[in-house]
Amino acid sequence: MVTTWWRCFNGGMPEALNLTADLFAGFPRQPSRETLGARAAVLRAFATHQAATLIAEVSQVSGQAPFRHLVTPGGYRMSVAMTNCGSCGWVSDTSGYRYDERDPLSGRPWPRMPDSFRELAAAAAAELGFVGFAPDACLINRYEPGTRLSLHRDSDEGDLSAPIVSVSLGLPAVFLWGGPKRSDRPVRVPLEHGDVVVWGGPTRLHYHGVLPIKDPGDLSGRWRLNLTFRKAR
Ligand code: MD3
Ligand code: FE
């Protein structure tokens, strides 16, 4: 499949390309749903129209709280660069994983969560029946080609009945969606710019990860960004 920069970054497209684009079935991508579990699904192209706004907000946030490579409790530097916005943010260091109201780099509270983030996260959660999802934390992951996220579970949140909403922007990725045991063989879920995933219900504590991001070798942009909305407290 061809994923060119204009496919990646333009929800709409230049007028001049309209005729040509009509020749390609399925372009631009239409919203659709792929069920992953009882209350978990990929909402394809759910954030396409908001994507440019979301990316601009990410640069605002990272101006206040820069992307950094956290260290795992075991002492390894994570290849994913991270920052947060919201009333608390996920952090890791040699003493463990936790949510903290302050950015350890600056000692200041994390930047506020933009309204566009809250609204998108709530709308996506509502699609799966999670009415009134009010995330207090948004972890922002930045992947460059070669970066991966090894298999893990998200279990540091205080409210495990709330879903996690994940928004993919920029370069595509292959998400690994496993089961309740680390040894369960994961299913590969390709995620593209504008896709939103809602994870709740019985699969909330499943293992998951991200395969190394492929180098696009062209002008597709340098990064994949993933916004992960959580109810941490
Ligand atoms: C699946 N990030 O930051 S999916 C993370 O693409 C993380 O950057 C993924 O996993 C990424 O922890 C986004 C988020 C996710 C969260 C909870 C899950 C996926 C899940 C629980 C069960 C299954
Ligand atoms: Fe995770």
- Consider R68 against the criteria (1) more than 16 Å from ligand 1 (Cβ to nearest atom); (2) within 17 Å of the chain's Cα centre (by Cα); (3) not hydrophobic (A, V, I, L, M, F, W, C): it satisfies all of them except one. Which criterion is unmet? (1)
- For the range 105-127, state whether one or more residues are modelled with pLDDT of 95 or more, surrounded by 19 or more Cβ atoms within 10 Å (Cβ to Cβ), over 29 Å from T48 (Cβ atoms) and not small (G, A, S). no
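Take the residues of the range 167-207 that are closer than 19 Å to R233 by Cβ and not charged (D, E, K, R): which is farthest from the chain's Cα centre (by Cα)?
It comes out as L205.
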- Quick check, is R224 surrounded by fewer than 22 Cβ atoms within 10 Å (Cβ to Cβ) and either more than 16 Å from ligand 2 (Cβ to nearest atom) or in contact (Cβ under 8 Å) with a residue 60 or more places away in the chain (or both)? no
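Would you be able to say whether some residue in the range 217-229 is away from ligand 1 (no atom under 13 Å from the Cβ), part of a loop (DSSP other than H, G, I, E, B) and under 12 Å from the mean Cα position of the chain (by Cα)?
Within the range 217-229, none of the residues are away from ligand 1 (no atom under 13 Å from the Cβ), part of a loop (DSSP other than H, G, I, E, B) and under 12 Å from the mean Cα position of the chain (by Cα).
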- What is the number of the single condition among (1) of a type in the set (A, V, I, L, M, F, W, C); (2) closer than 17 Å to L225 by Cα; (3) not in a strand (DSSP E or B) that W90 does not meet? (3)
- Task: Could you list, in sequence order, all residues of the range 124-136 that are without any contact (Cβ under 8 Å) to a residue 40 or more places away in the chain and outside any loop (DSSP other than H, G, I, E, B)?
- Result: A126
- Query: Taking the range 149-162 as the region of interest, how many residues are small (G, A, S) and modelled with pLDDT of 95 or more?
  - Reply: 2
- Note on the structure: Counting only residues that are in contact (Cβ under 8 Å) with a residue 40 or more places away in the chain, at negative phi and crowded, with 19+ Cβ neighbours inside 10 Å, the range 173-199 contains a total of 10
- Of V165, V189, which residue is at pLDDT 95 or above and closer than 20 Å to W90 by Cα? V165
- Query: Quick one: is L151 free of Cβ contacts under 8 Å to residues at least 60 places away in the same chain and within 12 Å of ligand 1 (Cβ to nearest atom)?
  - Reply: yes
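Please verify whether the range 196-210 includes one or more residues that are of a type in the set (V, I, T), closer than 14 Å to R153 by Cα and assigned to a strand (DSSP E or B).
Restricting attention to the range 196-210, the residues satisfying the condition of being of a type in the set (V, I, T) are 196-198, 203, 210.
Next, only the ones that are closer than 14 Å to R153 by Cα stay: 203, 210.
Pick out the ones that are also assigned to a strand (DSSP E or B) and you get 210.
Yes.
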- Qualifying positions in the range 88-109 - within 18 Å of the chain's Cα centre (by Cα) and touching a residue at least 24 places away in the same chain (Cβ under 8 Å): C88, G89, W90, Y99
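The values are calculated or read from the model by the stated rules, or taken from the named source; none is laboratory data. Model, not experiment: these values are computed from the prediction. So basically every Cβ, Gly included, is an ideal-geometry build from the backbone, and we count neighbours across all protein chains shown.
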